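This report concerns only the one structure given below.
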């Protein structure tokens, strides 16, 4: 028997984002060809191709950055944090400062 086939989630470099980028790159090639086929000028086709390539590159960078941030957030959530009480999170005596206080050490005058 053959071992179970790995899903797209387990193979690095073959995920939905990579598929999306591949389709975008294919479109960057296909759109100028179609524009030339229908008689658009070479300069207009070249400008369109460069624009599509620039948008695809920016989207790729943003998608990868978003993935890294999501992985980092998931890793931070997986690690249990110890509760640290900072200066403003004290409990007990003196935790409510400011305002009016009745009794105690306040001067009468």
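We did not get these values from a lab; they are worked out from the coordinates using the rules stated. Quick caveat, the model's predicted, so the values are computed rather than measured. Here the Cβ positions follow ideal geometry from the backbone for every residue, glycine too, while neighbour counts run over all protein chains shown.
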For this session: Starting from the Cα of residue 37, step 7 Å along the direction of its Cβ; do the same at residue 50; then give the gap between the two resulting points in nm.
Result: 2.5 nm
Seminar exercise, completed: With a ≥ b ≥ c from the Cα gyration tensor eigenvalues, square-rooted, and the rule rounded for a/c under 1.5, otherwise prolate when a/b > b/c and oblate otherwise, the range 16-78 is prolate
